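What follows is a set of notes on a single structure, which appears directly below.
The values are calculated or read from the model by the stated rules, or taken from the named source; none is laboratory data. Everything numeric in this text was worked out from a predicted model, so none of it was measured. No Cβ is skipped: glycine too gets one built from the backbone with ideal geometry, and neighbour counts run over all protein chains shown. Just so you know, the surface numbers come from the protein's heavy atoms only, side chains and all, with ligands and any DNA or RNA stripped out. Shrake-Rupley method; radii C 1.70, N 1.55, O 1.52, S 1.80 Å.
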Amino acid sequence: MVGYIVPEIIIGAFASLIILLNYTVTQRKILGYLSLLAVALAFVSLFKLPRMTAWGIYAVDDFAIVFKAVFLTVAFLVILSSLKDINKREGEYYSLLLMSLMGMLLLASSIDLLMLYVALELATIPSFILAGFFRDKQTSEAAMKYFVFAVVSSGLIVFGMSLLYGLTGTTNIYEMINRLELNTVSILASLFLVAGFAFKMAAFPFHAWAPDVYQGSPTPISAFLSSASKKMGFLAVLRIFYIALSPIANYWALAFAILAALTMTYGNIVALSQTNIKRMLAYSSIGHAGYIIIALALLNTKVAIFAIAAALLHILVHAVMKAGAFIAGIVAGENIEDYKGLSKKAPITALMLTILLLSLIGVPPLAGFLSKFYILLSAIYAGGSVGYVLAVLLVVNSAISIFYYGRIISYMYWAKAENETKINEPLSVTLALIIAVILVIVIGLYPSEIVNYLQKAAESFVKGL
Amino acid sequence: MKDLIMFLILSVIAVVSSLFVFLSKNIFRGALSLSLLLVTMAMFFAMLNAEFIAAVQILVYAGGVLVLILFAIMLTKEREPSVSEVTTSRAVALIAFVVLSLFYLAKHTWEKYVPEKEFSATGASVGTKLFQTYVIPFEAASFLLLAAMIGAIYLARRRG
């Protein structure tokens, strides 16, 4: 009966349990382990989920499963890497993290604008508090910036949605297709939605909050924001634009093409001059958002299904790589100077970070190469001036990114550190890094199964259940 | 005819009170005229046969949200509020935005898509929708409130 919503129920129940236990349990470690258990249980339950639609607002299709798996994986890595500073984190930390995760899981299945909006807010509002969790000046500033930008973008999204509802008389995205016509108001609605979701995706010129927020937040939360929260924007855009707004696809596809070109170029060029690692990763994450938006720009072409599969692959791979790269910063530090001679100070972290950075550059046979390659292929298959320009820009930007990723690798292995005292590498953080690296390698080595499944997922979501 | 006269009276009240919200220098008076605007909105809903929404509008907005705003004003009373000046460029931008959006919205025919005619906003029908079709977002919203509450208590609590 309620089989379709089991992962969300598990996460919600544990979130409530943890907040209750927070005031009775003296050992805070237990709360961390409980939340890890919740995420693991929810992940296992994904394999048993029935494929169905409930009430016409909630669909469990393969597309939703892919995103749920991404969110749960990132949350697992984030919680694992948070276990290090047990005393700094109170029970609210894990509880709010799980509630935000619950919102993301719900969002993955939303096929109704109302459901989608509530889930989006459930995922976003706890993350304001998480961004400012240490309540010092730095994290509070990050939280405040994040709050203001997220609320403005939510306002734009709601306005766009209300116009769509006024035009079509329905909030179900599959019913909208037949009722939506091309006119000024539907263009206006899609403009509001593009702008609102571009904030969530941190696409240029709506990116300004991302570097400040990622830099100011506690490092595991930076990983959570860039690897999970940001992916919600792509998820919602794929659902709303490719399905509901398909009658006016030619208009918004062009907007996404422009956004993609600007976003990847801007992100990669600004990343070159950063000296703070978290800031650099934030700009690189803007660049990668640009790569994913390439696929969104191809949704009105004949290769749309392939482009969606490529986007899903890059979303999955980038989430793991970026989470891992941020988590490495917990051990190594934030400043680029801290990375000099890291191979001597913290050899395991340095090795893992090197593999993740190579994957971010796109070195075969790692997963980052594969996913970029598929996006490139879909741009070339799509052809036309838009496809070829975006393909060329993707290659050029990948070349630019070698410089700033490569600089960290060269600092770690070839630069001399001022003091070469060993840094303690906590087991939990190392474990999170190893999981990320294994995922990156395995996806890179066995692509065909995953790509086939993603293609199936893309098809399932186009048809509807 | 009766409806038209009623609508015109309410419109004048709504427009004047919303102008007063951002023109008045005294923030407390601004909040009070906002409450007038919200009550007028409730009357509009009542005129459209949406009694339930009218009641919710008064309960949630005129009741809850406004009390929250007044509390916020009272708690931050010591600080001098910074009222931004109405410059020419801002006024032009505002007027241009209003005129353009009115132009686009007026050009469009909305009657064609009156949403779900058979659905009447009585308590029973709203309850059925809320606890059947929309039970998942309803529960999600309750988690959302819980998260906001936990977060607010956490941020307000003293460290350690």
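Looking only at the range A:1-15, residues that are within 20 Å of A:LEU83 (Cβ to Cβ) and open to solvent by less than 20 Å² (accessible area, probe 1.4 Å) come to 2 in all. In the range B:140-160, how many are buried (at least 17 other Cβ atoms within 10 Å of the Cβ) and more than 8 Å from chain A (Cβ to nearest Cβ)? Final tally of qualifying residues: 0. Criterion applied to A:LEU106, A:LEU98 was being within 11 Å of chain B (Cβ to nearest Cβ), open to solvent by less than 10 Å² (accessible area, probe 1.4 Å) and over 24 Å from A:ALA457 (Cα atoms), and the one residue passing it is A:LEU98. Here A:LYS340 passes the criteria (1) at pLDDT 90 or above; (2) over 20 Å from A:HIS288 (Cα atoms) except the one numbered (1). Summed over the range A:266-298, the residues that are open to solvent by 10 Å² or more (accessible area, probe 1.4 Å) and part of a loop (DSSP other than H, G, I, E, B) give a count of 4. Taken over the range A:16-57, the criterion of being of a type in the set (S, T, N, Q), surrounded by 14 or more Cβ atoms within 10 Å (Cβ to Cβ) and away from chain B (no Cβ under 14 Å) is satisfied by A:SER35, A:SER45. Considering the range A:147-179, the residues that are of a type in the set (S, T, N, Q) and not in a loop (DSSP other than H, G, I, E, B) include one that is nearest to A:PHE204 (Cα to Cα), namely A:SER153. As a summary of the residue check, A:PHE192 satisfies the conditions (1) facing chain B (nearest Cβ under 10 Å); (2) assigned to a helix (DSSP H, G or I) except for the one numbered (1).
Of the numbered criteria (1) at negative phi; (2) free of Cβ contacts under 8 Å to residues at least 60 places away in the same chain, the one A:GLY169 fails is (1). If you filter the range A:371-395 down to residues that are of a type outside the set (Ser, Thr, Tyr) and out of contact with any helix residue (DSSP H, G or I) (no Cβ under 8 Å at 6 or more places or on another chain), you find that the one that is surrounded by the fewest Cβ atoms within 10 Å (Cβ to Cβ) is A:GLY384. For the range A:125-181, a residue qualifies if it is more than 12 Å from chain B (Cβ to nearest Cβ) and open to solvent by 60 Å² or more (accessible area, probe 1.4 Å), and the qualifying residues are A:LYS137, A:GLN138, A:GLU141, A:LYS145, A:VAL148, A:PHE149, A:VAL151, A:VAL152, A:ASN178. Checking B:ALA42, B:ALA31 one by one, the residue that is part of a helix (DSSP H, G or I), open to solvent by less than 90 Å² (accessible area, probe 1.4 Å) and in contact (Cβ under 8 Å) with a residue 24 or more places away in the chain is B:ALA31 and no other.
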